[in-house]
1. Quick one: 3J(HN,Hα) in Hz for the stretch B:289-297, Karplus 6.51/-1.76/1.60 with θ = phi - 60°, rounded, Gly and Pro as x.
2. Where both partners of a DSSP beta bridge lie in the protein assembly as shown, what percent of those bridges are antiparallel, to the nearest 5?
3. State log₁₀ I(q)/I(0) for the protein assembly as shown at q = 0.09 Å⁻¹ as given by the Debye formula over alpha-carbon point scatterers of equal weight, solvent excluded.
4. What are the nm distances, shortest first, from A:Asp364 to its equivalents in the other copies, labels at 7 Å along Cα→Cβ?
5. Note the distances from A:Thr224 to each other copy's matching label point, with points 7 Å along the Cα-to-beta-carbon direction, in nm, sorted shortest first.
6. Using R₀ = 35 Å, calculate the FRET efficiency as 1/(1 + (r/R₀)^6) where r is the Cβ-Cβ separation of A:Val512 and A:Lys241; round to 0.05.
7. Would you mind pulling out the separation of the Cα centroids of the stretch B:368-382 and the stretch B:70-94, in Å?
8. Evaluated at 37 °C with a viscosity of 0.692 mPa s, what Stokes-Einstein diffusion coefficient in µm²/s does chain B have when Rh comes from the Kirkwood expression over alpha-carbon pairs?
Protein chains: 2
Amino acid sequence: MSGNLRVLIIGGVACGPKAAARLKRLMPEAEITMLEKGAMVSYGACGLPYYVEGTFSNINALTHTPAGVSRTPEFFRTWKGFQTLTGTEAIAINRHDKQVRVRDLKNGGEEDLPYDKLVLATGGSPFKPPIPGLDLANVWFMTHPDDAASLVAEIERQELKKAVLVGAGFIGLEVAEALINRGLEVTMVEMADHIMPGILDEDIARFAQIHMEDNDVELVLGETVTALEGEGRVQRVVTGKRKIEADFVIVGVGTRPNDVLAREAGLRCEKGIVVNEFCQTSDPDIYAGGDCVSNAYIHRQVGDPLYVPLGSTANKHGRVIANHIAGKPTPFSGITCSSVVRVFDYTLGRTGLSERMAQLLGIDYEVTTWSGQDIPHYMTGSRLFAIKMIASRRDRKVLGVQVAGMGNGAKRLDVAASVIYFGGTLDELADIDFGYAPPFGPPIDPLAVCAHVLTNKLDGLAAGIPPLEAKRLMDTGDCLLLDVRIPDEAKMEWIPHTDMLHIPLSELRERVAELPQDRDILTYCKVSMRGYEAQRILNAAGIDRVRFIEGGVAAWPFETAMPGI
Amino acid sequence: MSGNLRVLIIGGVACGPKAAARLKRLMPEAEITMLEKGAMVSYGACGLPYYVEGTFSNINALTHTPAGVSRTPEFFRTWKGFQTLTGTEAIAINRHDKQVRVRDLKNGGEEDLPYDKLVLATGGSPFKPPIPGLDLANVWFMTHPDDAASLVAEIERQELKKAVLVGAGFIGLEVAEALINRGLEVTMVEMADHIMPGILDEDIARFAQIHMEDNDVELVLGETVTALEGEGRVQRVVTGKRKIEADFVIVGVGTRPNDVLAREAGLRCEKGIVVNEFCQTSDPDIYAGGDCVSNAYIHRQVGDPLYVPLGSTANKHGRVIANHIAGKPTPFSGITCSSVVRVFDYTLGRTGLSERMAQLLGIDYEVTTWSGQDIPHYMTGSRLFAIKMIASRRDRKVLGVQVAGMGNGAKRLDVAASVIYFGGTLDELADIDFGYAPPFGPPIDPLAVCAHVLTNKLDGLAAGIPPLEAKRLMDTGDCLLLDVRIPDEAKMEWIPHTDMLHIPLSELRERVAELPQDRDILTYCKVSMRGYEAQRILNAAGIDRVRFIEGGVAAWPFETAMPGI
């Protein structure tokens, strides 16, 4: 036995079990032990909001395989062939002697476990902001199945009604939907001035906020929570500007890497444990992966390490670690910050750089926003959505894509992630042979159309103005809004402005004389295909100060006007 | 006026209007005329089956813009700025004088229209097989809105019940679904031994056939229709083996390019009009695009021109033509034979090479089939599907992907199309940072998992056997089928075989001695993750003649057994 490789894995969720199972298949003779501090192993934490929503009723489903078998230590021993110790905490790494001091949390007993290769998959913990009241009853963080189980049980037992969610990131949005669908009142407080800060740009986020408010989520943006107050149990959330009544509070303001063990062992850490492309730490016999490490961005476009804890990346790390230990190295290229979330009927997400990141990195970029249907308009289930795309001016490479709306944005995000991974340009993206049939998309895929618009913008053909910039110009400048839709459309819903003109596109060539040469004209239609046509027609007639509002009424991230409102 | 570029476009659907509209935006001064033989222009022919199905009730929706405006000659004149002549047929090209002889089909008058640049977008026509009876009443081809309109009208007027569809390609499958959903009886006759020949491989097609039969489509495969018979109207379809009663017949056995005009003008044609990457024909002042041209495969992997008429490609051609005429050339890289179709609850499709094509091209490839859920099993709407993936042994580049099943295969096809476009390898595919959230996918995307399996196969770790090969071995060889599922699963549905053994994976390590060393063992489970684990366990125990059935019971393309059946 002593000749076999001894692999010790600290952490029993996502990266840990993945590394262990893969390694056992690659090296059947390896002696693999996985430690987990808690009682549960290998649960799908990303499913917690859906348990809260009632999508499934048995919280243990999160530890089940698709065949319905629970992933217990016994499962891992008999099915996967490695040992799992739950209720066991690693308390120190002795790199010199290659052993880990562990404590049995049931009886307090300690021992040293030897390793040839050590894997740190210690995960992350919810960030606890430095405010009073976090320890009041009815305050939850949403990271472990126990949290979701007790939340649901207490909502029912205490008949809780008013929820305040602190933080408008992924978990916040998913839980907001879950609670609204359970019939509760939801107020969401976010320090930043828009939801999903750090993930979505302001324009896309604002567009999504309208949908959340339509679904009765009360958004309190740009306010920092300073305290949770109450007698024994939480009763109020206090911000710099107000007090919000609360029966319960869920705090989701970010995750921090569990890197204390690594730091104490002298391993290099920066925004998490630093690893190379094979997930080796600064000690080559110690690997790390999952929510405890920081990641590199692909193509070195971003210099700083990024902390983006995700189950998808954690599973990749697990495989990369096993492959490297087994002598079959497969480098991990890095992340592109892909993320996606469903909130009510909207799909929101991003892959690659946001516009904000591109600005901070000093990249010379161009950007556009497209909106339209995801499948042909004559098909049932055709839905509107918006795509925001960013490309490098220098080489026309696609840098980032964001989606928001009811349409199938998830498909386009994954395709975009692929294009960005391969360093593809706008022309290449538009050239890909996508599968076409009416149930799945229009003849030219929306992602390709968006790339076309951005190409047109780079070529100086399409003079689009982003919606936020349009709003600023409308609010502060002298500009004329030109609606070129047909009369029936124009009467239903429009972008409100003090100086508006309506000329249907079909009449524009003949009525060009009605338009001023010396003022900024912003054209628009439903999605801005016709807005763009109008811009080209006016340009051809010698009118230069004209731009079309990107995304049209459909993607307008502010209130629109309707008859009688 | 005489100084302006005169562009003549022959053909008013897809490629033609796209080229015209784009060119007018690029060159507002160009004088563009589009000819169309028929009365309708710019209709979405791909939507016809959905009209038959009743998804929408006004056939004119196929010519509407998303804003509900009909694409008439007047529309193109006032909105897009170019002239459209319907009911006008081009009868000859005079390349020397650069003019086209056209005939007004309403009054028979002829005239010559001059051009500086000519665009042939003459489309394709349904192939009419050389059999008697095609001219009987109640026989339809399904290529023009008039066909769909008269079909629906006659089904209702004559109370037609029994449909026979000749040909099991795209249109056949879509129309089969449409007719079944209208409550009709449908028999589908296909000359090849499986549906979608030339698109799907036999295994994937067989898997889909089970679903079609479950939905009451009667499949008659491997039989050639020799005649349609009846008194005035069709009453029977005759094959080499049988006569099938029919109230009506829809023939969909392929499309042929409308290239007569081009041939007569001496332009080079091979499986359609031959064009370069800018869609120029052998006469550089004459462009061609859409269903009248043949296409090149990207990366020169396929030497022969391919005839794959699709609305998506036609629209790309239109843009490429306009860009080249306007002096802003954007090459079209070629197609990857991407296609997708929905039939009942299944999504079927392919991108890249099929296994059959790879064989014919003499490529050294490896292949695998994966099956599983498209999103986590605990989510509502989680659905099974299968992915078949082919990669080059030499450089591990992904060559082709096919999907079939209820799960969201369309997303994975588009991602695969992108990977193949960029010449990506299996490792690169699995490395892409896909957006992850439970409503959209599991932590490791099915496409990445399938790439992992194929990598494992190339590395000699995973000894998968494709289902067709497994069936042949079971039918003709001496082999033991080893089911490693849990007892409850194993009792519900299994792969029938004369020599079967059931040992749950959890007991396999301890019961290895029960297995023979000297026989072929085929392991399997629901999707074959556990089948693979079992193979690795047996290998580790010194048993080498073991393979797992790829895709498991879930993707088994033959009848399975169930209790009492």
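1. x, x, 6, 8, 10, 9, 10, 8, 7
2. Numbers: 108 of 204 bridges.
That works out to approximately 55 percent antiparallel.
3. -1.15
4. Here the equivalent label points are 4.6 nm apart from this one.
5. The projected label point of A:Thr224 is separated from its counterparts by 8.1 nm.
6. After rounding, the FRET efficiency stands at 0.10.
7. Measuring centre to centre over Cα atoms gives 48 Å.
8. The estimated diffusion coefficient comes to 126 µm²/s.
Since every read-out is calculated from the coordinates, none of them should be taken as a lab result. This is a predicted model, so every value here is computed, not measured. Please note: Cβ atoms are built from the backbone with ideal geometry, for glycine as well, and neighbour counts cover all protein chains shown.
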